[in-house]
Amino acid sequence: MKKTLIAASLGLALFLPQAEASLYNFSYTFGSNTIEGQLDGTLQGDNNKVAVNSMQNLTFNGAAGPALLPVFNADKFYSDLYPASYPIQPGFPTETTPWLTLDGSYMNFLACPVGDCNNGFAFIVGDSLAAVLGGTAYMAGSSWGYTHQAFVPANWQMSAVPLPAALPLFASGVAALAWRRRKAV
């Protein structure tokens, strides 16, 4: 019985959706400009919202950006820096996690060099800052297209980096070993 429970637990752990850290490719196109890169984040239970931990491999119009750009929750960052101008509105969370969604429906995200957030970029959609600004926005400093314009969800692409092909093979091997062990008992 104990072995059956262990095998069942292993099977469930392998196949049930879980919030886990993963790599995601993203790109956003505005005008003739494209910003793209990879981020490390944790997909939430809704299979859309991603808590962003870090960004890497950033490019703007094909030119390499910084190796690693710090990320922030835009609401928290701007409300701390300019509390009179950008207070967090009632009903919005006061968290510090930077968020992006696969479909672009909620973006509470700022990436900028330490000490120079005028030369970063932000996605503002459905958060407190969007309410204060009166709509969605992609805002960027000179290295990222120097703009402040409405965010266009159709121009946003974000998807998980595919798992290596060996992982499903490994999982099926573990399941086969568990089944074989069970048959031998």
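Results, tabulated for the structure shown:
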| read-out | value |
| --- | --- |
| FRET E, pair L23, Q89, Förster distance 22 Å, beta-carbon r, rounded to 0.05 | 0.10 |
| Sites D46 and L133, calculated FRET efficiency, Cβ-Cβ separation with R0 22 Å, nearest 0.05 | 0.30 |
| Computed over the stretch 19-159, the ratio Rg/Rh where both radii use C-alpha atoms and Rh is Kirkwood | 0.93 |
| Fully extended contour minus Cα-Cα distance, from S32 to T147, at 0.36 nm per residue | 40.2 nm |
| Of L100, S54, T147, farthest towards positive along the dipole that unit charges on Lys, Arg, Asp, Glu beta carbons give the stretch 19-159 | T147 |
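Every read-out reported here was derived from the displayed coordinates using simple, explicitly stated rules and does not represent laboratory data. Fair warning: this is a prediction, and the values are worked out from it, not measured in the lab. Cβ sites come from the backbone with ideal geometry, for glycine too, and all protein chains shown count toward neighbours.
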